[in-house]
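To start, the structure under review is shown below, and the notes come after it.
The values are calculated or read from the model by the stated rules, or taken from the named source; none is laboratory data. Since we're looking at a predicted model, the values are computed, not measured. Cβ: placed from backbone, ideal geometry, glycine included. Neighbour counts: every protein chain shown.
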Amino acid sequence: MMKTSRYAVWALCLLVLIPLAGCAKKNPLVGTWTGTINIPIGPTQQSLAVTYTFNEDGTCSTSAQTPMGPMNAQGTYTVDDDKLTMKTKTQAQGRTVEGQAEATFKVEGDTLTVTGIPSVPGPIVLQRQK
(Lines give C-alpha, C1' and ligand atoms only; values in the text may rest on other atoms or scores of the structure.)
Protein backbone atom coordinates (compact mmCIF):
# COMPACT_ATOMS: atom_id res chain seq x y z
CA MET A 1 0.00 0.00 0.00
CA MET A 2 2.87 2.40 0.85
CA LYS A 3 4.60 1.71 -2.49
CA THR A 4 1.38 2.33 -4.38
CA SER A 5 0.90 5.67 -2.61
CA ARG A 6 4.47 6.70 -3.36
CA TYR A 7 4.04 5.87 -7.07
CA ALA A 8 0.77 7.76 -7.15
CA VAL A 9 2.45 10.85 -5.68
CA TRP A 10 5.30 10.63 -8.25
CA ALA A 11 2.82 10.22 -11.08
CA LEU A 12 0.86 13.24 -9.87
CA CYS A 13 4.05 15.32 -9.65
CA LEU A 14 4.98 14.37 -13.21
CA LEU A 15 1.53 15.28 -14.46
CA VAL A 16 1.95 18.74 -12.94
CA LEU A 17 5.62 19.32 -13.89
CA ILE A 18 5.64 18.12 -17.50
CA PRO A 19 3.19 20.76 -18.77
CA LEU A 20 5.11 23.44 -16.85
CA ALA A 21 8.30 22.52 -18.70
CA GLY A 22 6.69 23.77 -21.89
CA CYS A 23 5.86 27.12 -20.25
CA ALA A 24 9.48 28.26 -20.12
CA LYS A 25 9.96 31.32 -22.30
CA LYS A 26 11.73 30.31 -25.48
CA ASN A 27 14.66 32.46 -26.61
CA PRO A 28 13.50 34.01 -29.91
CA LEU A 29 17.07 34.68 -31.09
CA VAL A 30 18.24 31.06 -31.20
CA GLY A 31 19.18 30.18 -34.76
CA THR A 32 21.13 31.56 -37.70
CA TRP A 33 20.25 34.92 -39.21
CA THR A 34 21.59 36.54 -42.40
CA GLY A 35 21.32 39.93 -44.03
CA THR A 36 23.30 43.05 -44.84
CA ILE A 37 24.48 45.93 -42.72
CA ASN A 38 25.57 49.36 -43.83
CA ILE A 39 28.62 50.65 -42.02
CA PRO A 40 30.77 53.72 -42.57
CA ILE A 41 34.17 52.85 -44.03
CA GLY A 42 36.10 56.05 -44.56
CA PRO A 43 33.94 58.71 -46.19
CA THR A 44 31.44 56.23 -47.65
CA GLN A 45 29.01 53.59 -46.43
CA GLN A 46 29.61 49.98 -47.31
CA SER A 47 26.97 47.20 -47.42
CA LEU A 48 28.30 43.99 -45.91
CA ALA A 49 26.73 40.53 -45.99
CA VAL A 50 26.60 39.21 -42.43
CA THR A 51 25.64 36.03 -40.62
CA TYR A 52 24.76 35.91 -36.93
CA THR A 53 24.30 32.64 -35.03
CA PHE A 54 22.78 32.58 -31.54
CA ASN A 55 22.98 29.25 -29.69
CA GLU A 56 20.77 28.02 -26.84
CA ASP A 57 23.76 27.89 -24.48
CA GLY A 58 24.30 31.68 -24.71
CA THR A 59 27.19 31.56 -27.19
CA CYS A 60 27.13 33.43 -30.47
CA SER A 61 29.16 34.02 -33.60
CA THR A 62 29.20 36.57 -36.39
CA SER A 63 30.85 36.54 -39.76
CA ALA A 64 31.10 39.13 -42.54
CA GLN A 65 33.09 39.69 -45.67
CA THR A 66 34.57 43.19 -45.60
CA PRO A 67 36.57 45.00 -48.30
CA MET A 68 39.62 44.36 -46.12
CA GLY A 69 38.94 40.61 -45.80
CA PRO A 70 36.86 38.27 -43.65
CA MET A 71 35.75 39.24 -40.16
CA ASN A 72 34.74 36.61 -37.60
CA ALA A 73 33.60 37.05 -34.02
CA GLN A 74 32.77 34.59 -31.25
CA GLY A 75 31.39 35.31 -27.84
CA THR A 76 28.41 35.24 -25.54
CA TYR A 77 25.08 37.00 -25.44
CA THR A 78 22.24 37.63 -23.02
CA VAL A 79 18.64 38.64 -23.60
CA ASP A 80 16.54 40.66 -21.15
CA ASP A 81 13.11 41.39 -22.61
CA ASP A 82 13.98 43.31 -25.81
CA LYS A 83 17.59 44.09 -24.79
CA LEU A 84 20.46 42.17 -26.37
CA THR A 85 23.97 42.30 -24.93
CA MET A 86 26.84 40.67 -26.83
CA LYS A 87 30.43 40.25 -25.62
CA THR A 88 32.68 39.16 -28.46
CA LYS A 89 36.23 38.66 -29.65
CA THR A 90 36.48 39.80 -33.26
CA GLN A 91 39.21 38.60 -35.59
CA ALA A 92 40.00 40.66 -38.69
CA GLN A 93 43.18 41.54 -40.55
CA GLY A 94 45.26 39.35 -38.25
CA ARG A 95 44.12 41.18 -35.11
CA THR A 96 41.76 40.25 -32.29
CA VAL A 97 39.60 42.92 -30.66
CA GLU A 98 37.35 42.36 -27.64
CA GLY A 99 34.16 44.33 -27.31
CA GLN A 100 30.66 44.57 -25.93
CA ALA A 101 27.55 45.86 -27.64
CA GLU A 102 24.08 46.52 -26.30
CA ALA A 103 21.08 46.90 -28.56
CA THR A 104 17.33 46.59 -28.77
CA PHE A 105 15.80 43.82 -30.85
CA LYS A 106 12.45 42.68 -32.18
CA VAL A 107 11.58 39.35 -33.79
CA GLU A 108 8.55 39.25 -36.07
CA GLY A 109 8.13 35.86 -37.68
CA ASP A 110 11.44 35.11 -39.38
CA THR A 111 12.68 38.73 -39.34
CA LEU A 112 15.05 40.05 -36.67
CA THR A 113 15.48 43.83 -36.39
CA VAL A 114 18.33 45.14 -34.22
CA THR A 115 18.66 48.83 -33.40
CA GLY A 116 20.85 51.00 -31.22
CA ILE A 117 24.35 49.80 -32.12
CA PRO A 118 26.45 53.01 -32.18
CA SER A 119 28.83 51.85 -34.94
CA VAL A 120 25.97 50.89 -37.29
CA PRO A 121 23.73 53.70 -38.52
CA GLY A 122 20.14 52.57 -38.80
CA PRO A 123 18.61 49.19 -38.02
CA ILE A 124 20.06 45.80 -38.92
CA VAL A 125 17.38 43.63 -40.54
CA LEU A 126 18.13 39.91 -40.71
CA GLN A 127 16.23 36.84 -41.91
CA ARG A 128 16.12 33.52 -40.03
CA GLN A 129 17.74 30.67 -41.97
CA LYS A 130 15.81 27.41 -41.90
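Some notes on this structure:
- Tally of residues being surrounded by 14 or more Cβ atoms within 10 Å (Cβ to Cβ) and either under 16 Å from Gly31 (Cα atoms) or in contact with a Phe, Trp or Tyr (Cβ under 6 Å, 6 or more places away or on another chain) (or both) across region 77-96: 4
- Close pairs from region 35-47: first more than 12 Å from Pro121 (Cβ to Cβ), partner in a strand (DSSP E or B) and small (Gly, Ala, Ser), Cβ under 8 Å, at least 6 apart: Gly35/Ala49; Thr36/Ser47; Thr36/Ala49
- Test: residue in region 52-73 that is assigned to a strand (DSSP E or B) and touching a Lys or Arg at 6+ places or on another chain (Cβ under 7 Å): yes
- Counted residues, region 96-130 - those being assigned to a strand (DSSP E or B), over 19 Å from Gln74 (Cβ atoms) and among the charged types (D, E, K, R): 3
- Test result for Asp57, at pLDDT 90 or above, exposed (fewer than 13 other Cβ atoms within 10 Å of the Cβ) and in contact with a Phe, Trp or Tyr (Cβ under 7 Å, 6 or more places away or on another chain): no
- Of everything in region 69-100 that is among the small types (Gly, Ala, Ser), within 19 Å of Ala49 (Cα to Cα) and touching a strand residue (DSSP E or B) at 6+ places or on another chain (Cβ under 6 Å), the residue that is modelled with the highest pLDDT is Ala73.
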